[in-house]
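Beneath this line is the structure, given in structure tokens, with notes to follow.
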Amino acid sequence: MKVRRSDRLIDMTRYLLERPHTLVPLTFFSKRYESAKSSISEDLTILKRTFQERGTGLLETVPGAAGGTRFLPYILKEEATDFVGDLMDKMSDKSRYLPGGYVYMSDLLGDPETLRQIGRIFATQYLNQDVDAVMTIATKGVPIAQGVANLLNVPFVIVRHDIEITEGSTVNVNYVSGSSERIEKMSLSKRSLQKGANVLIVDDYMRGGGTISGMISMVEEFEANLVGIGVVAESSRPESRKIGEYTSLMTVDAEDNTVIAKTGNYLDRIFN
């Protein structure tokens with residue numbers, strides 16, 4: 001049954017938003033709506049303009065017989081700045097202070113809208129780069145990695161401190177914890193990554209950088225490629241952090257029952 005243009009536009013929008021970074025042939029839409037390719041092309045032109053004007057993302061067209069269109073989500077600088085500013089205001093609440101200089105973040109990292117916006121920011125940075133997997137450490141980094149992976153349309157892999165029998169054979173890496181300066185171990189199933197895979201590491205908070213260093217070593221053990229590192233928050237006072245380039249949304253420090261949150265380096269790393 002032939003579909004009206006208004007109905008086509010709504011359904012095409014839903015279909016593309018649910019499948020970011022997926023190449024969809026024009027013939028698929030043509031058969032789906034029993035419409036000519038010329039009509040589908042006009043529809044995609046409307047969607048492309050609207051997505052860009054609203055800062056939703058880029059609708060990329062791939063020419064040729066094997067071509068089609070793909071939706072690449074991103075976020076505009078202004079929207080990202082407003083979001084991170086609001087996030088810093090919430091983080092600065094002194095009630096988030098925890099003994100030992102820690103900060104309570106679990107409620108924010110459990111909020112779907114917050115995770116969606118964090119995912120959009122990091123997805124924007126790697127809009128035109130090949131990413132095959134997003135890596136994080138259990139447990140607080142998991143929802144962040146899932147959000148980023150969803151928008152990049154790639155798997156996310158979870159490095160664990162404890163070996164689980166359901167993981168099968170694992171690769172183990174020893175690393176020095178940046179906060180406690182103890183030797184600790186992390187593990188990842190051998191089936192999680194392919195040799196040569198392009199890996200993006202994300203985490204919730206970076207203090208000394210020990211956990212991130214461990215995950216970098218894990219990427220190297222798999223003979224994979226490190227594409228980049230992204231953290232929601234970092235300490236502004238690293239003593240001996242040995243991490244190269246990374247992206248952070250905020251710097252967050254806790255002392256004297258006070259939490260201080262400032263802008264991270266994401267503006268320079270993503271929007272310049």
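The values are calculated or read from the model by the stated rules, or taken from the named source; none is laboratory data. Fair warning: this is a prediction, and the values are worked out from it, not measured in the lab. Methodologically, a virtual Cβ is constructed for each residue, glycine included, from the backbone with ideal geometry; neighbour enumeration extends over all protein chains shown.
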**Q.** Only listed residue being assigned by TED's automatic domain parsing to the domain that holds residue 86 and at pLDDT below 95, chosen from 239, 223
**A.** 239
Q: Answer yes or no: is there a residue in the stretch 264-271 that is among the aliphatic types (A, V, I, L, M) and in contact with a strand residue (DSSP E or B) (Cβ under 8 Å, 6 or more places away or on another chain).
A: yes
Q. Only one of these conditions is not met by residue 101: (1) at pLDDT below 95; (2) on the phi < 0 side of the Ramachandran plot; (3) not hydroxyl-bearing (Ser, Thr, Tyr). Which number is it?
A. (2)
Q) Does at least one position in the stretch 173-187 carry a residue that is in the same structural domain as residue 109 (by TED's automatic domain parsing) and under 19 Å from the mean Cα position of the chain (by Cα)? A) no
**Q.** Restricting the stretch 228-272 to residues that are among the charged types (D, E, K, R) and in a loop (DSSP other than H, G, I, E, B), the residue that is nearest to residue 146 (Cα to Cα)
**A.** 245
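Quick grid of which residues meet (1) more than 24 Å from residue 252 (Cα to Cα); (2) hydroxyl-bearing (Ser, Thr, Tyr):
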position	(1), (2)
161	yes, no
165	yes, no
173	yes, no
187	yes, yes
193	yes, no
199	yes, no
208	no, no
211	no, yes
214	no, no
Q: Sort out which residues of the stretch 113-126 are touching a residue at least 60 places away in the same chain (Cβ under 8 Å) and surrounded by fewer than 17 Cβ atoms within 10 Å (Cβ to Cβ), and write them in order of number.
A: none
Q | Close pairs from the stretch 91-112: first outside the structural domain of residue 257 (by TED's automatic domain parsing), partner modelled with pLDDT of 90 or more and not in a loop (DSSP other than H, G, I, E, B), Cβ under 8 Å, at least 6 apart | A | none
(Q) Just to verify a result, which residue in the stretch 63-89, among those that are surrounded by 12 or more Cβ atoms within 10 Å (Cβ to Cβ) and part of a loop (DSSP other than H, G, I, E, B), is modelled with the lowest pLDDT? (A) 67
Q | Meets criteria (in contact with a strand residue (DSSP E or B) (Cβ under 7 Å, 6 or more places away or on another chain) and surrounded by fewer than 16 Cβ atoms within 10 Å (Cβ to Cβ)) for residue 183 | A | yes
Q.
With the requirement that a residue be without any contact (Cβ under 8 Å) to a residue 40 or more places away in the chain and touching a Pro at 6+ places or on another chain (Cβ under 8 Å), what does the stretch 133-181 give you?
A. 149
Q. Yes or no: residue 32 charged (D, E, K, R) and not in a helix (DSSP H, G or I)?
A. no
Q | Residues within the stretch 66-124 that are under 19 Å from residue 146 (Cα atoms) and among the basic types (Lys, Arg), tallied | A | 2
Q | Subset of the stretch 47-62 (residues that are under 30 Å from residue 264 (Cβ atoms) and either surrounded by fewer than 13 Cβ atoms within 10 Å (Cβ to Cβ) or among the hydroxyl-bearing types (Ser, Thr, Tyr) (or both)) | A | 53, 54, 56
Q. Could you list, in sequence order, the residues of the stretch 35-59 that are within 23 Å of residue 152 (Cα to Cα) and assigned to a loop (DSSP other than H, G, I, E, B)?
A. 55, 56
